[in-house]
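Colleague: Handing you a structure now.
The values are calculated or read from the model by the stated rules, or taken from the named source; none is laboratory data. On a predicted model such as this, the values are computed, not experimentally measured, just so you know. Here the Cβ positions follow ideal geometry from the backbone for every residue, glycine too, while neighbour counts run over all protein chains shown. Heavy atoms of the whole protein, side chains included, go into the accessibility calculation; ligands, DNA and RNA do not. Shrake-Rupley method; radii C 1.70, N 1.55, O 1.52, S 1.80 Å.
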Amino acid sequence: MMAERLAASFSPSSCILPAASKRTAQPSSAALSFLPSPRRLHSTSSCSLRPVPSPLRLFQTAAIGSRRTSSVVVCAASDPAQLRSAREDLKELLKTTFCHPILVRLGWHDAGTYDKNIAEWPKRGGANGSLRFEIELKHAANAGLVNALKLLQSIKDKYSSITYADLFQLASATAIEEAGGPKIPMKYGRVDVSGPEQCPEEGRLPDAGPASPAGHLRNVFYRMGLDDKEIVALSGAHTLGRSRPERSGWGKAETKYTKDGPGAPGGQSWTVQWLKFDNSYFRDIKQGKDEDLLILPTDAVLFEDSHFKVYAEKYAEDEDAFFKDYAEAHAKLSNLGAKFNPPEGISMNDDDDSNKTVTTRKPFVAAASYSDED
């Protein structure tokens, strides 16, 4: 869930997954700004020419905190054709890097700063692409997310008429679907913030180990306009990913489920097949018998709090119900605080039924990466 703070790292064969950290976790020293490369005019996009922070080519250099400016074409809304093509490129990226969880985390953390009590955009936070800037990347909750930006750099360079806000949410939804999860009813056309001064203040994302887990989750998610059912459903995304103690302060350095990867070995996962999206997160917490599986305070409380427990028990028994509720909650989260151009948003041709919840899921294709004993 977006609640976690993990100082993730990335190697060409793997990327680190959404995980948790204690409040004292610090962001990776490699947390660079993720700024736009020059964008081209595209006939289907609403564009204007104005100064914005220059691209740092941050994944090829160490130019942290550059403040140079240059004139580039800034497109307010994304091109549907480029979104469709980018989605196919994302699918190929996922096949080779097993980076599903960190892409989910990226989308969630960009959207999860939303405050429903603030009307003004972008002060209200939310899905606006602000996470590409150094000042927000350095928030402790975002430690390691620079690695997700590295993964997406070539796709953003290739598809210049896609906003960062849309790319982050497209990557997140695609990762869920490619991991065997439900199809998320998405819409696009999110407008990007233009500079780091528009980033939200630190402290809007949840902790993994607060003194009062239930109260903390409600304080954070209610501020976003989400309810108890949505809190529990979104927590179910912990079926993906691992936590590494050297980066987050949580979990074991290695378990029988993570010692051989896929990707970089190590860490502790919430589930046995931690690249497969299913309802095993709820089943494993309920059973609580496997010491090699991670259960954080914010996980355990889902079966301890009487209101959360109703949904957690339901999802442990009924995967279809979980998929339906998760798809709705993920789509809602991805729209939080966003300003759309056009105001009603845009959809890709095969997503014209985006107002309907689709629970059909793709076969899990990463299973071959796990050993037989897993």
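Colleague: How many residues are open to solvent by 10 Å² or more (accessible area, probe 1.4 Å), among the hydroxyl-bearing types (S, T, Y) and not in a helix (DSSP H, G or I) if we restrict to region 154-184?
Modeller: Residues meeting the conditions: 1.
Colleague: Looking at L167, L145, L152 in this structure, which one is modelled with pLDDT under 95 and either over 21 Å from S248 (Cβ atoms) or touching a helix residue (DSSP H, G or I) at 6+ places or on another chain (Cβ under 8 Å) (or both)? It would help to see each step written out before you state the result.
Modeller: Values: L167 fails: modelled with pLDDT under 95; L152 fails: modelled with pLDDT under 95.
Criteria check complete, one pass: L145.
Colleague: Residues being part of a helix (DSSP H, G or I) and out of contact with any Phe, Trp or Tyr (no Cβ under 6 Å at 6 or more places or on another chain): count how many of those fall in region 287-310. Walk me through how you get there before you give the answer.
Modeller: At the first step, the residues of region 287-310 found to be part of a helix (DSSP H, G or I) are 287, 297-303, 306-310.
Those still in the list that are out of contact with any Phe, Trp or Tyr (no Cβ under 6 Å at 6 or more places or on another chain) too: 287, 297-301, 303, 306-308, 310.
Of the residues in region 287-310, 11 are part of a helix (DSSP H, G or I) and out of contact with any Phe, Trp or Tyr (no Cβ under 6 Å at 6 or more places or on another chain).
Colleague: Do we find a residue being in contact with a Phe, Trp or Tyr (Cβ under 6 Å, 6 or more places away or on another chain), touching a residue at least 24 places away in the same chain (Cβ under 8 Å) and under 18 Å from A127 (Cβ atoms) anywhere in region 260-275?
Modeller: No, region 260-275 contains no residue that is in contact with a Phe, Trp or Tyr (Cβ under 6 Å, 6 or more places away or on another chain), touching a residue at least 24 places away in the same chain (Cβ under 8 Å) and under 18 Å from A127 (Cβ atoms).
Colleague: Quick check on region 94-112: of everything there that is crowded, with 24+ Cβ neighbours inside 10 Å and touching an Asp or Glu at 6+ places or on another chain (Cβ under 8 Å), which residue is nearest to K339 (Cα to Cα)?
Modeller: Within region 94-112, the subset crowded, with 24+ Cβ neighbours inside 10 Å is 99-112.
From what is left, the residues that are touching an Asp or Glu at 6+ places or on another chain (Cβ under 8 Å) are 100, 105.
Details: H100: 26, R105: 21 Å.
So the residue we want is R105.
Colleague: Pairs only if they're at least six apart or on different chains, beta carbon under 8 angstrom, first in region 239-250 and under 18 Å from Q273 (Cβ atoms), second among the charged types (D, E, K, R) and part of a helix (DSSP H, G or I); list them, first residue then second.
Modeller: Filtered contacts from region 239-250: G241/R105.
Colleague: Can I ask one more? Between A312, A300, which is surrounded by 22 or more Cβ atoms within 10 Å (Cβ to Cβ) and either touching a residue at least 24 places away in the same chain (Cβ under 8 Å) or among the hydrophobic types (A, V, I, L, M, F, W, C) (or both)?
Modeller: Values: A300 fails: surrounded by 22 or more Cβ atoms within 10 Å (Cβ to Cβ).
The unique qualifying residue is A312.
Colleague: Is region 222-230 home to any residue that is of a type in the set (S, T, Y), surrounded by fewer than 19 Cβ atoms within 10 Å (Cβ to Cβ) and modelled with pLDDT of 90 or more? Walk me through how you get there before you give the answer.
Modeller: So the first thing to find is which residues in region 222-230 are of a type in the set (S, T, Y), and the list is 222.
Retained after the next criterion (residues that are surrounded by fewer than 19 Cβ atoms within 10 Å (Cβ to Cβ)): 222.
Subset that is modelled with pLDDT of 90 or more: 222.
Yes, region 222-230 contains at least one residue that is of a type in the set (S, T, Y), surrounded by fewer than 19 Cβ atoms within 10 Å (Cβ to Cβ) and modelled with pLDDT of 90 or more.
Colleague: With the condition kept exactly as written, say whether any residue in region 331-338 is closer than 30 Å to L167 by Cα, modelled with pLDDT under 95 and of a type in the set (D, E, K, R). Outline the logic, then answer.
Modeller: First, pick out the residues of region 331-338 that are closer than 30 Å to L167 by Cα: 331-338.
From what's left, modelled with pLDDT under 95: none.
Within region 331-338 (the criterion being closer than 30 Å to L167 by Cα, modelled with pLDDT under 95 and of a type in the set (D, E, K, R)), the answer is no, since none of the residues qualifies.
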